[in-house]
Amino acid sequence: MSTPVFRFAPSPNGLLHLGHAHAAMLDHALARGIGGRFLLRIEDIDTTRCRPEFEAAILDDLAWLGLHWDEPPRRQSEHLDAYATALDRLKAMGLIYPSFLGRGEIRARVAALEASGRPWPRDPDGAPHYPGDERDLDPAARAARLDREPHVVWRLDTAKALTGVGPLSWRETGAGPVGETGRVAADPAAWGDPVLARWEVPTSYHLSVIVDDALQGVTHVVRGRDLFHATALHRLLQTLLGLPEPVFHHHRLVTDATGRKLAKSAADTALAHLRAQGFTPDDIRRAVNWQATARDLDRLNRVLRETL
């Protein structure tokens, strides 16, 4: 039996807050509870917002919480070639296409359609589906336009991709409508034609995360419920690229007094701020209601052992 592998994957575009603390502690506890390895990944493909000082703060905060990872952190910015290779494979399969409409143009187009009374589909995050203007351009017209407008984004032709795969699902041990078999039916079409890469960076979150999980041998993905529906798209990409299917566990989110999930822009919940106020790691555990999580760890570990 191979050793299970878990990972915590923050982005260094701000300070970690209480929600990150809960996620990291749960991931670490579940990994250790079944004798697994715990990895740290720094998801820093957004070069305009990610900064070295935030990465240093992440490492410091996690060590302060008493969490330890089993190998040096993987930085996505150091592996762009791996994501470009995956993108090229999808391109060779004829499953991605360049899109030229900017975000403002998309919003304007969709707003005009909706104003005329025509409903427009939106993805689980609330963003409107891409109109798909360039999806069916013939190769010559596409090449000519790329010569004129090289600054494009590459989108997955989801409908075409789905014609080559059967019904998709994933094994879920956490949140969501889990059936008797512990599997959730996946609906990638709900995402429309998502962006997989931009002209300035040869990847996106959706592409890089599934490539990294495969290359790092991740067997169990533990993350917040806000990414539950994105798993459908991730399962499609994993299937298209022939990558292993991990077990997924989507956990509760730590929220503010209004019930909204915490944001990095809210400095009062940042671990660095709380540490400066004299908080201890035990105070952090109380703040995220870790006692309730700890009571459930034995059950979760039993469920996870069944996935090995």
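The values are calculated or read from the model by the stated rules, or taken from the named source; none is laboratory data. Computed from a prediction, not measured in an experiment: that's the story for all the values here. Heads up, the Cβs are rebuilt from the backbone with ideal geometry, glycines too, and the neighbour counts pull from every protein chain shown.
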>> Looking only at the stretch 217-262, filter to residues that are surrounded by 20 or more Cβ atoms within 10 Å (Cβ to Cβ) and of a type in the set (D, E, K, R); which one of those is farthest from residue 162 (Cα to Cα)?
In response: 223
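Only helices (runs of 4 or more DSSP H) wholly contained in the stretch 211-308 count here; list those with 1 or more residues that are closer than 19 Å to residue 29 by Cβ.
Ranges flagged: 271-276, 281-287, 290-305.
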> Which residue out of 294, 287 is modelled with pLDDT under 90, among the small types (Gly, Ala, Ser), within 20 Å of residue 173 (Cβ to Cβ) and surrounded by 12 or more Cβ atoms within 10 Å (Cβ to Cβ)?
Replying inline: 294
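Residue-by-condition table, conditions (1) of a type in the set (A, V, I, L, M, F, W, C); (2) over 30 Å from residue 185 (Cβ atoms); (3) in contact with a Lys or Arg (Cβ under 9 Å, 6 or more places away or on another chain):
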residue	(1), (2), (3)
237	yes, no, no
249	no, no, yes
260	no, no, no
282	no, yes, no
304	yes, no, no
> Do we have residue 27 as at negative phi and free of Cβ contacts under 8 Å to residues at least 24 places away in the same chain here?
Replying inline: no
> Does the stretch 176-184 contain at least one residue that is under 22 Å from residue 23 (Cα atoms) and in contact with an Asp or Glu (Cβ under 6 Å, 6 or more places away or on another chain)?
Replying inline: yes
>> Here's a check for you: in the stretch 263-284, which residue that is modelled with pLDDT of 80 or more and among the hydrophobic types (A, V, I, L, M, F, W, C) is surrounded by the most Cβ atoms within 10 Å (Cβ to Cβ)?
In response: 271
> Which of the residues belonging to the stretch 180-210 are modelled with pLDDT under 95 and assigned to a strand (DSSP E or B)?
Replying inline: 183, 184, 185, 198
>> Which count do you get for residues in the stretch 214-257 that are touching a His at 6+ places or on another chain (Cβ under 9 Å) and hydroxyl-bearing (Ser, Thr, Tyr)?
In response: 1
> Just for the stretch 189-216: of the residues that are more than 26 Å from residue 102 (Cβ to Cβ) and of a type outside the set (Gly, Ala, Ser), which one is surrounded by the fewest Cβ atoms within 10 Å (Cβ to Cβ)?
Replying inline: 215
>> What pairs come out if I take residues in the stretch 88-108 that are over 11 Å from residue 153 (Cβ atoms) and pair them with residues that are part of a loop (DSSP other than H, G, I, E, B) and among the charged types (D, E, K, R) whose C-beta lies under 7 Å away, six or more apart or interchain?
In response: 95/157
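Scan the stretch 137-159 and give yes if some residue there is farther than 25 Å from residue 45 by Cβ, in a helix (DSSP H, G or I), in contact (Cβ under 8 Å) with a residue 24 or more places away in the chain and in contact with a Lys or Arg (Cβ under 9 Å, 6 or more places away or on another chain), otherwise no. Outline the logic, then answer.
Step one: of the stretch 137-159, the residues farther than 25 Å from residue 45 by Cβ are 137-145, 147-148, 159.
From what's left, in a helix (DSSP H, G or I): 139-145, 147-148, 159.
Then keep just the ones that are in contact (Cβ under 8 Å) with a residue 24 or more places away in the chain; that gives 142, 145, 159.
Then keep just the ones that are in contact with a Lys or Arg (Cβ under 9 Å, 6 or more places away or on another chain); that gives 159.
Taking every residue of the stretch 137-159 in turn, at least one turns out to be farther than 25 Å from residue 45 by Cβ, in a helix (DSSP H, G or I), in contact (Cβ under 8 Å) with a residue 24 or more places away in the chain and in contact with a Lys or Arg (Cβ under 9 Å, 6 or more places away or on another chain).
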> Could you say which residue among 59, 15, 80, 40 is of a type outside the set (Ser, Thr, Tyr), touching a Pro at 6+ places or on another chain (Cβ under 8 Å) and within 15 Å of residue 272 (Cβ to Cβ)?
Replying inline: 59
